[in-house]
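S.K.: I have a structure here, written as structure tokens, and I will follow up with some questions on it.
The values are calculated or read from the model by the stated rules, or taken from the named source; none is laboratory data. All of these numbers come straight from a predicted model, not from anything done at the bench. Backbone-built Cβ (ideal geometry, glycine too); neighbour counts: all protein chains shown. To get the accessible areas, we keep the full protein, side chains included, count just its heavy atoms, and leave off ligands, DNA and RNA. Shrake-Rupley method; radii C 1.70, N 1.55, O 1.52, S 1.80 Å.
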Amino acid sequence: MATPRFFNGNSHQNSSSSNPIREHLVTRPDDRKHGFANSVSVFLQRFMSGKKIDGGSRTEEEEKVYSWLYALAKSDKDLVFEYVRSTERGLSFTEAERRLKENGPNVPVEYHFPSWWHLLWTAFFHPFNIILIVLSALSYLASDNPNGCIMLVLVFISVSLRFYQEYGSSKAAMKLSELVRCPVKVQRCAGRVVQTELIVQVDQRDIVPGDIIIFEPGDLFPGDVRLLTSKHLVVSQSSLTGESGVTEKTADIKEDQSTPLLDLKNICFMGTSVVSGCGTGLIVSTGSKTYMSTMFSYIGKQKPPDYFEKGVRRISYVLIAVMLVVVTAIVLTCYFTSYDLSQSILFGISVACALTPQMLPLIVNTSLAKGALAMARDRCIVKSLTAIRDMGSMDILCIDKTGTLTMNRAIMVNHLDSWGLPKEKVLRFAFLNAYFKTEQKYPLDDAILAYVYTNGYRFQPSKWKKIDEIPFDFTRRRVSVILETELNPKEDSYQSLERFVVTKGALEEIINLCCFIDHIDQDAITTFSLEDQQRILNMGEELSYEGLRVIGVAVKRLQRWHHALAKSSLSAATSHAIAPMTHHLCAQGIAPLCQALGIPSEFASLLLHQYASFESLLVLQHAMAWHPWLTKPSPCIRHCSSLPPCHLHYDFVCLLQKTSEGSIDSDEAIESEMIFLGLITFFDPPKDSAKQALWRLAEKGVKAKVLTGDSLSLAVKVCQEVGIRTTHVITGPDLELLDQDLFHETVKGATVLARLTPTQKLRVVQSLQMVGNHVVGFLGDGINDSLALDAANVGISVDSGVSVAKDFADIILLEKDLNVLVAGVERGRLTFANTMKYIKMSVIANVGSVLSILIATLFLRYEPLTPRQLITQNFLYNFGQIVIPWDKVEEDYVKTPQSFSRKGLPMFILWNAPVCTLCDLVTLLFVYFYYRAYTANDARFFHSAWFTEGLLMQTLIIHLIRTEKIPFIQEVASWPVICSTVIVSAIGIAIPFTPIGKVMDFVRLPFSYYGFLVVLFIGYFSVGQVVKRIYILIYHKWL
């Protein structure tokens, strides 16, 4: 790669945002150099494939980020400073402030909770609200103030209800949102003449390219970082990849283009965290230029269409068109009959009001708010009310495995020897390691201890003593403890002690430490052959494929030794022999003795500090046989020839090794030539409620697909445990190789998709929506889930998820329990059903009634109802329908996903509206011929009869529409609906007999008319039921 021209000494005058070096790097000059060859290669690939490669396509912004990071990963550290225009001392405070102003806050995506006025406008801007406001204004212009006031009240109630619910949910979500601002240790330089390096705390949002950060375990990387120094650095990238594992990083390496981006060892990414180790790094990208920001570039760009809202708007447009035609015809008819223009216009406005489903916004918002309150009792926060309705239509739920299907904790499964047989010895030493381990306790240790205690094993740890510990780190991937225990004491003066090194860790690492293998059944130890190693590795792979986590256990026996119980128990001769040495140590110290023995002077001071006692001489006596440089035995040591032989102390061995060999690591010496014992297996068990919840979702027609960043074997094992089919599975890398058609086909059939990147999750969701025509829900809680959460029809997160995931979610679960989603699906379908009841019922009744009014006006040559009577009828009818959200729904209806059909409603109207019109026309003919209401003088009687029949029919129609079964016989509505029907019907029948009836110009009707109404409605329900059955036979659906 060509070296770019270095900038001059005034290195902070130009921001990295306008960095020509960066522009040079991201254009990939090597590609320009070999442009023809690359073009030919790409052409041949596309020609041979014949189809567009879709699974791994990247946007232009992604390509820029990739090129920039790869250029830094392939460069030396000194050159990296030049690229970002920084120095090894860091940025000055002035330059950092300037870059912050130029680049803006360090956030990958800005999310603002909607303001109150935005929520109010969204609640207000509804097609039927606009229609009602227009009609209200026309009513006021026509001096029909009561009608105008009623419609404004309906709009006010509907808008207030929706605004109150969504504003309250937004405030609750804001309280749950995490404060992403956190302090970062940054190295800055200060001083005009003599610059001094300072370590300061800087807020994450104020980090700029060129800053040098200092990190330690638990820290989050505030931007994309090129490592400068590192020590045993292990990073978790689960927030980006979804994988539960960790990644080792190091600064002392130069990568190449063949390494996958997230596998670059010297690059750390914004949003990832430090698990262990420490180091320093150079911020190379912040804000919208980070790798994380490429994920958010898709946010909001391909949000799925809301077919329900589109359908409602289409209904409104159709009704407006019908309204213009019918109302115009009625106004003209009335005018040419009465020649009263103002009265004709007023009647036309009344008809327009009757044609409008005035309660639709209120019914919809009441149903959604009722569902939101019910879900709140199940510990859910519904940020978007429409998400409840979408849950009723949802037929695919995409979920992440970790923490959703599983308990997110380890449980020990078995303890196997090298041949796969359960052996207690393997468990005993694994238990001792976990019991005496004190540094960095991990869940696996707790799982081993819990297994031992709950299964009644008695390993008596009190008989063991911990001598030392070699702690776990992610480079060695193992932990060792040195233990001491008493073996078969036979003498009073001495105890026989034995020391062991017990090691457990990653299976491959444990196998590399072992030279021997324990045949536990035969009580024999043999050489660890290559065949043994391969057999154990194969067994480990099989267990891993079953979804189990496997670790190895090994042990090493140190030499047996005898230790005097107490100085007072020595014989007189031995005490006499030791006395001169003790006197010598007390008088002159141990340094002269060590000098006489040829021990290095630095070792002498350590020996004086730790072993200034007579026991040191016994140690040295044995050490002479171990180390050739001890060639000058002292006469004092010869006096100890009568003492019992003693084993060299473990810590003294380490001390001698470090002193004599310097470069040799004592940990490696201890953890060598070990004996392989066996394996311990663990499993992250599925939640008890997960299998039941998935079964209940499947019963309701919701298919579950697992989209995870974890390994395929682990995902398959969990899915098998909870009942998800695993016959069709695939991984993210395999998806990248598929062309567009095969990609969609594979996504459609796969139930488990593992090792997915965030953009792959997004493409899977979009494929299910656009190609499969599914309503997709997505449950996720990580940064890597944000794209899919935003694109899904229903985005679901949890309160423990990252703030970005909760920002883009429609529903936030306060508990990670799928049963809450089952209840949400049921409430969504209940809400959808009740909403569709009102839409279909009101449109049918209104269209049928308006057509009847048009025919009656043409037939009678006068208005069948006065404007005031029509408005009163409409108001009573709407008042009776306000209880629909409290109606119950048939069990069969909630068993399948429900969606709005754009063609279904017009056909429903064509089949059922004529039944209402027929009923009205029968009433018209009966009154006209039976009661001889021929002339305008009989208008009061006709108005009274038409008013009563129309109100009763519109009130009773809900019982015919709400169920597929025979109303009042096979299916009965809820008690609120029954009460509403009785009350409104009673008012309609009683009005002509009250003073209010006189004010409205009604007359009393004969009882024979009410007998006719009974016969009429029996016939209406009979004909309506026949039409219903024929419609269901043809279209296989009712609501």
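S.K.: Using per-residue counts of other Cβ atoms within 10 Å, averaged over each peptide, order 131-142, 810-821 from highest down.
M.R.: The packing order, highest mean first, is 810-821, 131-142.
S.K.: Also: For the ranges 548-557, 826-835, 1027-1036, 905-914, what's the packing order if you count other beta-carbon atoms within 10 Å of each residue, average per peptide, and put the highest first?
M.R.: Averaged packing, sorted descending, gives the order 826-835, 548-557, 905-914, 1027-1036.
S.K.: For region 726-877, what is the per residue volume of the convex hull drawn over the alpha-carbon atoms, in cubic angstrom?
M.R.: In region 726-877, the Cα hull volume divided by residue count equals 182 Å³.
S.K.: Using the beta-carbon distance between residue 317 and residue 819 and R0 = 51 Å, what value does 1/(1 + (r/R0)^6) give for FRET efficiency, to the nearest 0.05?
M.R.: That pair, residue 317 with residue 819, gives E of 0.80.
S.K.: If I stretch the segment between residue 737 and residue 937 completely, what's the gain in nm (0.36 nm per residue apart, minus their alpha carbon distance), one decimal?
M.R.: Residue separation times 0.36 nm, minus the Cα-Cα distance, leaves 63.7 nm.
S.K.: I would also like to ask the following. Roughly how many percent of the accessible protein surface of region 369-487 is carbon and sulfur, given a 1.4 Å probe and a whole-percent answer?
M.R.: 51 percent
S.K.: Something else: Sort 784-790, 725-731 by packing, meaning the average of other beta carbons within 10 Å per residue, with the highest value first.
M.R.: 784-790, 725-731
S.K.: Oh, and also: Between residue 199 and residue 248, with labels modelled 7 Å along Cα→Cβ, what's the label distance in nm to one decimal, could you check?
M.R.: Taking the two extended label points, one gets 2.6 nm.
S.K.: Still on this structure, please answer the following. Taking a ≥ b ≥ c as the square roots of the eigenvalues of the Cα gyration tensor of region 689-746, is the shape rounded (a/c under 1.5), prolate (a/b larger than b/c) or oblate?
M.R.: Because a/c hits 1.5 or more and a/b fails to exceed b/c, region 689-746 counts as oblate.
S.K.: Accessible area of residue 258, 1.4 Å probe, to the nearest 10 Å²?
M.R.: Its heavy atoms expose roughly 100 Å² to the probe.
S.K.: Just to be sure I understand the model, the point goes 7 Å from the Cα along the line to the Cβ. What's the resulting residue 88 to residue 773 distance in nm?
M.R.: About 6.7 nm, to one decimal.
S.K.: Now for a different question. Can you sort 774, 118, 232 by 1.4 Å-probe accessible area, starting with the largest?
M.R.: Largest accessible area first, the list is 232, 118, 774.
S.K.: Filter the cross-link list 231/466; 806/888; 185/231; 64/761 down to pairs whose alpha-carbon distance in this structure exceeds 26 Å.
M.R.: Beyond 26 Å between Cα atoms: 231/466; 806/888.
S.K.: Once both labels are modelled 7 Å past Cα along the beta-carbon direction, what's the residue 534-residue 340 spacing in nm?
M.R.: Using points 7 Å along Cα→Cβ, the separation is 10.5 nm.
S.K.: Find the accessible area per residue for region 926-1039; the probe is 1.4 Å, ligands and nucleic acids are left out, and the unit is Å².
M.R.: 48 Å²
S.K.: Can you list which of the GluC sites (Glu not before Pro) found in region 664-732 are DSSP loop residues with at most 14 other C-beta atoms within 10 Å?
M.R.: On the way: sites: 668, 671, 673, 699, 721; in loops: 671, 673.
Of the GluC sites (Glu not before Pro), the ones in loops of region 664-732 whose Cβ has at most 14 other Cβ atoms within 10 Å are 673.
S.K.: Along the charge dipole of region 778-842, which of 783, 818, 805 sits closest to the positive end, that is, farthest toward it, with unit charges on the beta carbon of Lys, Arg, Asp and Glu (+1, +1, -1, -1)?
M.R.: My answer, from the dipole projection, is 818.
S.K.: So, one more: Could you tell me which of rounded, prolate or oblate describes region 358-430, using a ≥ b ≥ c as the square roots of the eigenvalues of the alpha-carbon gyration tensor, with rounded for a/c under 1.5 and, failing that, prolate when a/b is larger than b/c and oblate otherwise?
M.R.: prolate
S.K.: What FRET efficiency comes out for residue 527 versus residue 725 if R0 is 60 angstrom and r is the Cβ-Cβ distance? Round to the nearest 0.05. Before the final figure, lay out each step's value.
M.R.: Working: r = 46 Å, r/R0 = 0.77.
The value I calculate is 0.85.
S.K.: Return the long-range amide H neighbours of residue 414 (sequence gap of 5 or more, or a different chain), with a cut-off of under 5 Å between placed amide H atoms.
M.R.: HN-HN under 5 Å from residue 414: 681.
S.K.: Further question: Can you give the FRET efficiency to the nearest 0.05 for residue 1030 and residue 971, using r as the Cβ-Cβ distance and R₀ = 22 Å? Mind dumping the intermediate values first?
M.R.: On the way: r = 19 Å, r/R0 = 0.85.
Efficiency, rounded to the nearest 0.05: 0.70.
S.K.: Would you work out the charge dipole size for region 726-779 about its Cα centre, treating the Cβ of every Lys and Arg as +1 and the Cβ of every Asp and Glu as -1, and quote it to the nearest 20 debye? Display every interim value, and only then the final one.
M.R.: On the way: 4 positive and 5 negative charges, 50 e Å.
Rounded to the nearest 20 debye, it is 240 debye.
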